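Got a structure for you, questions after.
Nothing in this text is a laboratory measurement; each read-out follows from the coordinates by a stated rule. All of these numbers come straight from a predicted model, not from anything done at the bench. Cβ coordinates were reconstructed from backbone atoms using ideal geometry, including for glycine residues, and neighbour counts include every protein chain displayed.
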Amino acid sequence: MDIDSAMKNPMATFGTPEALFDSPELTVQQKRAVLRQWQDQLEQFQTADDENMAAPGGRTAGTADCLRRVTNVLTKLESPT
């Protein structure tokens, strides 16, 4: 697993936040870092959409849903088992 690639483009690497969560190749700390990066990217896309600026790759209708899912997975990782 190339963690640098995962940090740059989590969606291309994992497809979904749930797939990242289930990945046996990353430590919990790495998963958190990638999810936080993903969350930051999605928030930037939302801000660009809110300001009527085109997000990289065009508008993404599922940005809000993906952000919610990333946040849910982060919460799961951070809650004690």
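Want the number for ALA64 to LEU77: 0.36 nm per residue separation, take away the alpha-carbon distance, what's left?
Details: separation 13, 0.36 × 13 = 4.68 nm, distance 2.01 nm.
Contour length minus Cα-Cα distance gives 2.7 nm.
When the chain is fully extended, how far beyond the present Cα-Cα distance does GLU25 get from ALA48, taking 0.36 nm per residue of separation?
5.0 nm
If neighbour count is taken as other Cβ atoms inside 10 Å, put SER23, SER79 in order from fewest to most. Present the calculation step by step, with values, prior to reporting the outcome.
Values: SER23 15, SER79 7.
Listed from fewest to most nearby Cβ atoms, that is SER79, SER23.
Please arrange ARG36, ARG69 by counting, for each residue, the other beta carbons lying within 10 Å of its beta carbon, fewest first.
If I rank by nearby Cβ atoms, fewest first, I get ARG36, ARG69.
Please compute the length gained on full extension between ASP40 and ALA12, using 0.36 nm multiplied by the number of residues separating them and subtracting their Cα-Cα distance.
8.5 nm
At a 10 Å Cβ-Cβ cut-off, how would you order LEU42, LEU26, fewest neighbours first?
Values: LEU42 25, LEU26 17.
By the 10 Å Cβ count, ascending, the order reads LEU26, LEU42.
Quick one: net charge of GLU25's neighbours, Cβ under 11 Å, K/R +1, D/E -1? Could the numbers behind the result be given before it?
Values: positive: LYS31; negative: ASP2, ASP22.
Spelling it out: positives minus negatives among the neighbours equals -1.
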